[in-house]
């Protein structure tokens, strides 16, 4: 971010608007909603264009006018770009924060699009790059938020001291506010009922908060592949224990006060043993926290979920499983290659080349049966084991010409896809960047080869020259 978003205090201070025409009027309509002392300075005011109600108008040259004390900020909006820039330079020498209309290069701040449910204020900015987009977003947010939300916020503010006396900081207090505000955002208290709902919740929350674990699937890509339930659990978590490969934008969904702990394991770089992860989960849940164990893909598919469930369940703590979109589904969707196809496959094999015994635990899979079959196979964590997997499948009788799709970093902006055959699989793996998780899809027919113009999102299809040479050979 080049602009840090803040809410600036103007109570009891002055805000200056320079200009007497339409540009100044637009800025004035914004600041007139605040409690600031508003001073408008111009050489002339256009009647019927600018509303000076509640302001102190000053007829003077903006470049020479005397300025009030204790100025919070100022707008230069005379309609003359050169004059506005000169005003901005003058104010900067006086250490006054200034915005020159439509001139971000000479401004200290920009004004966001604002959704006003005072005291609930939503500010939307694009750092000046797309103001029309900001206004479109504002229109959508306006439709989302109940008109009486500000009244509810003020009533909630009056309750804060009482709630703080009832609940210690942490999960129990947040649980109360979440239970109260969730229906409020749906318009449940537009006219009445907020006070009664608060009293009922206070009576129902006298029992101490118990620790709870949500095993949440983060999906294989960005935040747009999360389920709504997953988003909600991340937002409400006190502690998020996450895999190393969870996308940064998903971690951004956690509250700033939440504790984030990277407990992930990556090939060749194990940060924590599984028993240490189990104990870390238990440590936080014993303290009464709402814990999210955030796993890449789906927690129940090669996510070591069973071991963590057993550890939590053995101590009697509550838990839930929130499914996620597994990497095989994301990779297949990206490559336009259905995991199963009517008339072609009656089963789908999902295997990992990285078993409980580690990276060399390839033979824990019955590759002979997989080789003898024609069914599609989705192979997780197969980068290092690719040469051995290829050899096992060929030895088992699988056709060397069986199509392979390699998808690295499935569902992310940096995704790369490579088409190969079983006979060239291990060589093709070597052409990939090697920076993200790899999914190997075997015996799945991709539509992107037939329609290349329609298959460029989200990643670029990459067929290295070396691979083409291998296939030709």
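We did not get these values from a lab; they are worked out from the coordinates using the rules stated. Keep in mind that what you see is a predicted model, and the values were worked out from it rather than measured. As a convention, Cβ positions derive from the backbone with ideal geometry for all residues, glycine included, and neighbour counts pool all protein chains shown.
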| Quotient of C-alpha Rg and 2.2 N^0.38 Å, computed over segment 35-183 | 1.40
| request: Find the percent of Cα-Cα distances in segment 14-111 that exceed 16 Å, and round it to a whole number. | output: 47
| query | Along each of its three principal axes, how wide is the spread of alpha-carbon positions in segment 149-204, in whole angstrom units, largest first? | reply | 30, 17, 17
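Expressed in whole Å with the largest first, what are the equivalent ellipsoid semi-axes of segment 82-130 derived from the C-alpha gyration tensor as the square root of 5 times each eigenvalue? Mind showing how you got there, number by number?
On the way: eigenvalues 123, 35, 12 Å².
Working from the Cα gyration tensor, I get semi-axes of 25, 13, 8 Å.
Please rank 129, 402, fewest neighbouring Cβ atoms within 10 Å first, as an exposure proxy.
Values: 129 9, 402 20.
Lowest count first: 129, 402.
So what's the back-of-envelope 222 nm ellipticity for the chain, counting only DSSP H runs of four-plus at -39500 (n - 2.57) apiece and dividing by all residues, rounded to 500? Can you show the working numbers first?
Details: 15 runs with 154 residues, N = 473.
Calculated mean residue ellipticity at 222 nm is -9500 deg cm²/dmol.
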| message | Output the 0 to 90 degree angle, nearest 10, between the alpha-carbon long axis of helix 171-185 and the longest principal axis computed from the alpha carbons of the chain. | response | 70
| query | How long are the three semi-axes of the equivalent ellipsoid for the chain, computed from the Cα gyration tensor as the root of 5 times each eigenvalue, in whole Å, largest first? | reply | 55, 32, 18
| query | Using Cα atoms only, what is the angle between the long axis of helix 305-314 and the major principal axis of the chain, expressed in degrees (0 to 90) to the nearest 10? | reply | 70
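Distances over 13 Å make up what percent of all Cα-Cα pairs in segment 104-149? Intermediate values should be presented prior to the final figure.
Working: 572 of 1035 pairs.
Summing the P(r) tail past 13 Å for segment 104-149 gives 55 percent.
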| field | Net lengthening on full extension, residue 413/residue 185 (0.36 nm per residue, minus Cα-Cα) | value | 78.8 nm
| remark: Cβ density ranking, 10 Å radius, fewest first, applied to 407, 122 yields 122, 407
| task | Enter the mean projected area of the convex hull around the alpha-carbon atoms of segment 212-325, in nm², rounded to one decimal. | result | 6.2
| Helix axis angle, 149-166 relative to the chain longest principal axis, alpha carbon, degrees | 70
